[in-house]
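Engineer: Here it is, the structure, as structure tokens.
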Amino acid sequence: MKETIQFRLNGKPTKLAVDSDRMLLWVLRTDLSLTGAKYSCGEGFCGACTVIVNREAVRSCQTPVKTIKGKDIITIEGLAKDGVLHPLQQAFVKHDAMQCGFCTSGMILTAYALLLKNPRPTLKQIIDGMDDNLCRCGSHTRVLQAIQTAAEGMKGAVKR
Amino acid sequence: MKKDANPDIVVDKAGAASSLSRREFLKVVGGGIFIFVTYGEELAFEEPARSQAARPSLPTDFNAFLRIGEDGRVTCFTGKIEQGQGAITALPQMLAEELEVPLSSVDIVLGDTDLCPWDAGTFGSQTIRSFGPALRGAAAEAREVLKELAAEKLNVPIDRLQAKDGAIFDKTRPQTRATYAELAQGKKIERHLTQKPALKTPAELKVMGQPQPRRDALKKVTGEAHYAGDLRLPGMLYARILRPPAHGAKLKDLDTSAAEKISGARVIRDGDLIAVLHEFPDEAERAMTLIKAQYDLPDATLDDKNIFDHLIKAAPEGRTVAQGGNLEEGAKLAAVSFDETYLNSYVAHATIETHTALVSVEGDKATAWASSQAPFGVRDEVAQAAGISAQNVHVISPFIGGGFGGKTRNTQAGQAARLSKTTGKPVQVTWSRADEFFNDTFRPAAVLKIKSGISNSGQIVFWDYEVLFAGERSSQQFYNIPHHRTVVRGEWGGGRGGGAPSAHPFSVGAWRAPASNSNTFARESQIDIMAAKAGMDPVEFRLMNLNNGRMQRIIKAAAEKFGWTPAKAPSGRGWGVASADYQGTYLTTMAEVAVDKAAGAVQVKRVVCAQDMGIAVNPEGATLQIEGCITMGLGYALTEEVHFKGREVKDLNFDTYQLPRFSWLPKIEAVLLDSPEVAISGGGEPPIITMGAVVANAIFDATGARLYQLPMTPERIKAALK
């Protein structure tokens, strides 16, 4: 059903007339031209489409836009603030924590939500939190290092 | 849409006219100094005949060039692409090194068919190994040209001049200098590399061999890296393609009425191509689910269990790829003989990005952006599909979300071209995950038979190896065996030797390090079996059976890092070793595993990989590739296997097809050794090829159970333990 949906997108109030049964992934990628969230498996198995909805990492390919009314959405495009990379982004660059880069947005945002909940995770907690995000190039070792570095750098404070 | 949205990959003049003669070509790319290079490349890849035939379109007597622009910036134009393996960083390093410019002033244009000379594609670890030396030669030649120009401009004898930091200066009066920008100003100089200029010696290298961060990292962490599916053109439509239930299925009835009731949906049937198009991709997908199609299924009885018997029966006559001595003599020398058969399964490329292409056909011209390892193949595919000349097709390569050999065919680009031509609009085709599994060119299943023997002292005396359907690469022996023969029966894909592709129920093709994963699993398992029978430590057994100092050195380097201490397997420690020579890159991998015997589950706890690739151009990149290969290799070792029945592919998403995960991760340690005296070889593939054998050998060491089939699933491990 077409309706007008309001939410905050990367900090900005956003209003959109859209069929509210459509999935957030496609609305972001087409209606809103934010292509950082990727389509890969389409069924929630891989995490490439991950975005943040009210501080939780969600699979946007499985999230109808009617469920985000009034909520706060963060995509990879909104993570840097005033041109300054988020500590997680900086750490991913520092550790070369990507190869092809197709899973990277989802990895960073899943880690972001993880650190919101648990700012000082153990390695085991990071692995558990990231386990449902798939990477084919095998950048896993670097991704874990990057998350650890970011967590240490933020000293317990996860900032936007 | 800005066509230069991705300046690391696509730069200026991207809208330039196609069908360039040499003169026009130079006009298009602007002023400066140009060096054209030709390099030979082994087409150890499918359909070489077609690739060669496709070649004469751009200026044909070179296949890469570099330009020193009037602004002093250096640009390398090559048909290679960046799929995550780091060429975007290593190639500029090689260029900066020989040309004496800061790395920051080097640009690289990859995979643009209007700007870059023809290239077969990016595969087989060729980028550094084959293209690298040619690029370095071109840079060295450019340096000499600049010196000639400087000699004239500065009125200084050429032998007094030296290049450094993007300028030429007089060694006796360093303030007498000219920058490359000044020297290139107003020039249009064309040079062809005919002889090999002297390259720097390994001791002289300053940029190569130094770790460098990825040039594409910033874009990839901010969402600004654009892949084919991220590109938008005004008026474009998104397409989903109807997938049959099985290969060889024949459509007998089609009802698209419900799909066409979706507002804005358009169904197109063009021969065997049935697509739904919509201005929103998800609406195209929804409409696709409403299509009712009835098929006649092929009469097929093969499945993932009986396939190996079938392959043995279907294998064509063999081709001897290596032999020495006399096998009968060898058999007489053997105190103990072995006769083993190893099996390897079909595996999928399963790149996180599915095949995607955006094509805009306008009259007799087309522009295409595709996730492809072979941009010039895309050009030909689009030209054929749209019925236009290849000269009129401009292919621009965006970032590619993983390839591994799976993005060398360009079917999706042809589909997009046909649909664009029909609709008169730009069309983006994105394969669904199920399409991706179904249409994949899987790594071929293989049967590997080895008969071998050892003397009383543990010397390998004969080796009789038959490779069925895996392919030739890495099948040759590097151990010191007096009597040996290697016969290859049935190639993968459409490669040389013809093979029998119809033996497979679906398409097969190159998968990261083609043939080598299967061959290395068989060889290094057999070596371990013989070592155990001889009562020897598997590392000592290998060292004793080698007379190749470079290989012995890399085994010792791995052993030292791992802390290997000699013991006869099974020692209960769960330690394994495997060595390989992949296209000149030598490596040895050691692993430690823990086996839960009740569950049949394996946890790989530690992996050490020592690798000698001549010189690692970017050691950071090489280390990243080692980690990536080891992690990816855990999949084909432990879980990855395409299930099928008849010609229906059963695995269509990541729920049943299990990729390696964070929780599987071993501690990975890489050791890089240089051998400056040998040619530089590639690193994007080698470390994956030892993963089957090193885990199998470690499982044997842990439990005494020998696994002869990959992947080593819990069921197979439990069966082997019985």
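Engineer: I need the full set of residues from the range B:403-430 which are in contact with an Asp or Glu (Cβ under 7 Å, 6 or more places away or on another chain), buried (at least 24 other Cβ atoms within 10 Å of the Cβ) and modelled with pLDDT of 95 or more, in order please.
Structural biologist: Residues satisfying the conditions are B:ALA413, B:GLY414, B:ARG418.
Engineer: If only one of B:ARG433, B:ARG473, B:ARG409, B:ARG485 is within 14 Å of chain A (Cβ to nearest Cβ) and either charged (D, E, K, R) or under 20 Å from B:ALA515 (Cα atoms) (or both), which one is it? Give the derivation first.
Structural biologist: Values: B:ARG473 fails: within 14 Å of chain A (Cβ to nearest Cβ); B:ARG409 fails: within 14 Å of chain A (Cβ to nearest Cβ); B:ARG485 fails: within 14 Å of chain A (Cβ to nearest Cβ).
Of the residues listed, the single one that is within 14 Å of chain A (Cβ to nearest Cβ) and either charged (D, E, K, R) or under 20 Å from B:ALA515 (Cα atoms) (or both) is B:ARG433.
Engineer: Let me ask something else about it. Looking only at the range B:90-121, which residues are over 14 Å from B:PHE77 (Cα atoms) and either assigned by TED's automatic domain parsing to the domain that holds B:ALA515 or polar (S, T, N, Q) (or both)?
Structural biologist: Listed by number, the residues that qualify are B:GLN93, B:SER104, B:SER105.
Engineer: Here is a list of conditions, (1) surrounded by fewer than 20 Cβ atoms within 10 Å (Cβ to Cβ); (2) within 34 Å of the chain's Cα centre (by Cα), and B:LYS252 meets all of them except one; can you say which number that is?
Structural biologist: The number of the failed condition is (2).
Engineer: Quick test for you: out of B:LEU149, B:LEU135, pick the one residue that is assigned to a helix (DSSP H, G or I), more than 19 Å from the chain's Cα centre (by Cα), within 24 Å of B:ARG512 (Cβ to Cβ) and touching a residue at least 12 places away in the same chain (Cβ under 8 Å).
Structural biologist: Values: B:LEU149 fails: within 24 Å of B:ARG512 (Cβ to Cβ).
Just a single option satisfies the conditions, and that option is B:LEU135.
Engineer: Which members of the range A:104-160 meet the condition of being of a type in the set (Asp, Glu), within 13 Å of another protein chain (Cβ to nearest Cβ) and assigned to a helix (DSSP H, G or I)?
Structural biologist: Here is the first cut: in the range A:104-160, the ones of a type in the set (Asp, Glu) are A:128, A:131-132, A:152.
Checking which are within 13 Å of another protein chain (Cβ to nearest Cβ) leaves us with A:128, A:131-132.
A:ASP128 - this is the single residue of the range A:104-160 that is of a type in the set (Asp, Glu), within 13 Å of another protein chain (Cβ to nearest Cβ) and assigned to a helix (DSSP H, G or I).
Engineer: Can I ask one more? Could you list, in sequence order, the residues of the range A:44-71 that are touching a Phe, Trp or Tyr at 6+ places or on another chain (Cβ under 7 Å) and either aliphatic (A, V, I, L, M) or under 18 Å from A:ARG22 (Cα atoms) (or both)?
Structural biologist: Taking the range A:44-71 and keeping what is touching a Phe, Trp or Tyr at 6+ places or on another chain (Cβ under 7 Å), we get A:45-46, A:48-49, A:52, A:61, A:68-71.
Listed by number, the residues that qualify are A:ALA48, A:CYS49, A:ILE52, A:CYS61, A:ILE68, A:LYS69, A:GLY70, A:LYS71.
Engineer: For B:ALA246, state whether it is away from chain A (no Cβ under 14 Å) and over 30 Å from A:TRP26 (Cβ atoms).
Structural biologist: Here the answer is no, as B:ALA246 does not meet what is asked.
Engineer: Within the range B:384-405, take every residue that is more than 10 Å from chain A (Cβ to nearest Cβ), in contact (Cβ under 8 Å) with a residue 60 or more places away in the chain and within 17 Å of B:SER371 (Cβ to Cβ) and give me the one that is nearest to the chain's Cα centre (by Cα).
Structural biologist: Within the range B:384-405, the match that is nearest to the chain's Cα centre (by Cα) is B:GLY405.
Engineer: Conditions first: (1) surrounded by fewer than 24 Cβ atoms within 10 Å (Cβ to Cβ); (2) out of contact with any helix residue (DSSP H, G or I) (no Cβ under 6 Å at 6 or more places or on another chain); (3) of a type in the set (Gly, Ala, Ser); (4) at negative phi. B:ALA559 passes all but one, so which condition is the exception?
Structural biologist: If we test B:ALA559 against (1) surrounded by fewer than 24 Cβ atoms within 10 Å (Cβ to Cβ); (2) out of contact with any helix residue (DSSP H, G or I) (no Cβ under 6 Å at 6 or more places or on another chain); (3) of a type in the set (Gly, Ala, Ser); (4) at negative phi, just (2) comes out false.
Engineer: Is it true that B:ASP309 is at pLDDT below 95 and either part of a strand (DSSP E or B) or of a type in the set (D, E, K, R) (or both)?
Structural biologist: Numbers: at pLDDT below 95: no; either part of a strand (DSSP E or B) or of a type in the set (D, E, K, R) (or both): yes.
No.
Engineer: Moving on to the next point. Somewhere in the range B:353-364, is a residue surrounded by fewer than 23 Cβ atoms within 10 Å (Cβ to Cβ), in a loop (DSSP other than H, G, I, E, B) and away from chain A (no Cβ under 14 Å)?
Structural biologist: yes
Engineer: Any idea which of (1) buried (at least 20 other Cβ atoms within 10 Å of the Cβ); (2) at pLDDT 85 or above; (3) more than 24 Å from the chain's Cα centre (by Cα) is the one B:LEU193 doesn't satisfy?
Structural biologist: B:LEU193 satisfies all of (1) buried (at least 20 other Cβ atoms within 10 Å of the Cβ); (2) at pLDDT 85 or above; (3) more than 24 Å from the chain's Cα centre (by Cα) except (2).
Engineer: Return only the number of the condition from (1) surrounded by fewer than 22 Cβ atoms within 10 Å (Cβ to Cβ); (2) part of a loop (DSSP other than H, G, I, E, B); (3) facing chain B (nearest Cβ under 8 Å) that A:GLY70 does not satisfy.
Structural biologist: Just one mismatch for A:GLY70, condition (3).
Engineer: Any chance the range A:123-137 includes a residue that's basic (Lys, Arg), touching a residue at least 24 places away in the same chain (Cβ under 8 Å) and under 24 Å from B:TYR636 (Cα atoms)?
Structural biologist: Just the residues of the range A:123-137 that are basic (Lys, Arg), to begin with: A:124, A:136.
Remaining after also requiring touching a residue at least 24 places away in the same chain (Cβ under 8 Å): A:136.
Narrowing the set further to residues that are under 24 Å from B:TYR636 (Cα atoms) leaves A:136.
For the range A:123-137, residues basic (Lys, Arg), touching a residue at least 24 places away in the same chain (Cβ under 8 Å) and under 24 Å from B:TYR636 (Cα atoms): present.
Engineer: For the range B:229-242, which positions are in contact with a helix residue (DSSP H, G or I) (Cβ under 9 Å, 6 or more places away or on another chain), more than 11 Å from chain A (Cβ to nearest Cβ) and either closer than 15 Å to A:CYS103 by Cα or surrounded by fewer than 20 Cβ atoms within 10 Å (Cβ to Cβ) (or both)?
Structural biologist: B:LEU242
Conditions (1) within 14 Å of another protein chain (Cβ to nearest Cβ); (2) on the phi > 0 side of the Ramachandran plot; (3) out of contact with any Ser or Thr (no Cβ under 9 Å at 6 or more places or on another chain), marked per residue:
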site	(1), (2), (3)
B:LYS313	no, no, yes
B:SER337	no, no, no
B:TYR342	no, no, no
B:VAL347	yes, no, yes
B:THR351	yes, no, no
B:GLU381	no, no, no
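Engineer: Confirm whether A:ALA17 is more than 13 Å from chain B (Cβ to nearest Cβ) and closer than 26 Å to A:HIS140 by Cα.
Structural biologist: Details: more than 13 Å from chain B (Cβ to nearest Cβ): yes; closer than 26 Å to A:HIS140 by Cα: no.
Against the criterion (more than 13 Å from chain B (Cβ to nearest Cβ) and closer than 26 Å to A:HIS140 by Cα), A:ALA17 does not qualify.
Engineer: Restricting attention to the range A:138-160, report how many residues are touching a residue at least 60 places away in the same chain (Cβ under 8 Å) and among the aliphatic types (A, V, I, L, M).
Structural biologist: Residues flagged as touching a residue at least 60 places away in the same chain (Cβ under 8 Å) and among the aliphatic types (A, V, I, L, M) within the range A:138-160 amount to 2.
Engineer: Looking only at the range B:271-296, count every residue that is within 16 Å of B:THR423 (Cα to Cα), at pLDDT 95 or above and more than 13 Å from every other protein chain (Cβ to nearest Cβ) and tell me the total.
Structural biologist: 5
Engineer: Out of the residues in the range B:196-224 meeting the condition of being of a type outside the set (A, V, I, L, M, F, W, C) and over 30 Å from A:LEU88 (Cα atoms), tell me which one is modelled with the lowest pLDDT. Quick ask: steps written out before the conclusion?
Structural biologist: Going residue by residue through the range B:196-224, those that are of a type outside the set (A, V, I, L, M, F, W, C) are B:196-197, B:200-202, B:204, B:206, B:209-216, B:219-220, B:222-224.
Applying the additional criterion that residues be over 30 Å from A:LEU88 (Cα atoms) yields B:196-197, B:200-202, B:204, B:206.
On the way: B:LYS196: 67, B:PRO197: 73, B:LYS200: 87, B:THR201: 86, B:PRO202: 84, B:GLU204: 88, B:LYS206: 87.
So the residue we want is B:LYS196.
Engineer: Where residues in the range A:28-62 are in a loop (DSSP other than H, G, I, E, B) and more than 12 Å from chain B (Cβ to nearest Cβ), which of them is nearest to A:THR104 (Cα to Cα)?
Structural biologist: First, pick out the residues of the range A:28-62 that are in a loop (DSSP other than H, G, I, E, B): A:32-49, A:54-55.
If we keep only those that are more than 12 Å from chain B (Cβ to nearest Cβ) as well, we get A:54-55.
Details: A:ASN54: 21, A:ARG55: 18 Å.
Once the filter is applied, the top-ranked residue is A:ARG55.
Engineer: Next question, about the same structure. Pairs under 6 Å by beta carbon, first residue closer than 13 Å to B:LEU665 by Cα in the range B:594-607, partner part of a strand (DSSP E or B) and β-branched (Val, Ile, Thr), six or more apart or different chains?
Structural biologist: These pairs meet every condition: B:VAL602/B:VAL593; B:VAL602/B:VAL595; B:VAL604/B:VAL593; B:VAL607/B:ILE668.
Engineer: Could I ask something else about it? If you go through the range B:624-669 one residue at a time, how many are over 20 Å from A:LYS124 (Cα atoms), within 8 Å of chain A (Cβ to nearest Cβ) and assigned to a strand (DSSP E or B)?
Structural biologist: 0
Engineer: Please find, within the range B:677-722, the residue that is surrounded by the fewest Cβ atoms within 10 Å (Cβ to Cβ) out of those that are in contact (Cβ under 8 Å) with a residue 24 or more places away in the chain and acidic (Asp, Glu).
Structural biologist: Per the stated criteria, the residue is B:GLU715.
Engineer: Give just the number: which of (1) out of contact with any Leu (no Cβ under 9 Å at 6 or more places or on another chain); (2) in a helix (DSSP H, G or I); (3) over 30 Å from A:LEU88 (Cα atoms) does B:ASP253 not satisfy?
Structural biologist: Just one mismatch for B:ASP253, condition (2).
Engineer: Which numbered condition in (1) facing chain B (nearest Cβ under 9 Å); (2) touching a residue at least 12 places away in the same chain (Cβ under 8 Å) is the only one that A:ALA80 fails?
Structural biologist: Answer for A:ALA80: the failing condition is (2).
Engineer: Then there is this: Scan the range A:108-145 for residues that are charged (D, E, K, R) and closer than 22 Å to A:ALA80 by Cβ and report the count. Even if it seems obvious, please write down each step before you answer.
Structural biologist: Of the residues in the range A:108-145, the ones charged (D, E, K, R) are A:117, A:120, A:124, A:128, A:131-132, A:136, A:142.
Applying the additional criterion that residues be closer than 22 Å to A:ALA80 by Cβ yields A:117, A:142.
So the count comes out to 2.
The values are calculated or read from the model by the stated rules, or taken from the named source; none is laboratory data. On a predicted model such as this, the values are computed, not experimentally measured, just so you know. Cβ coordinates were reconstructed from backbone atoms using ideal geometry, including for glycine residues, and neighbour counts include every protein chain displayed.
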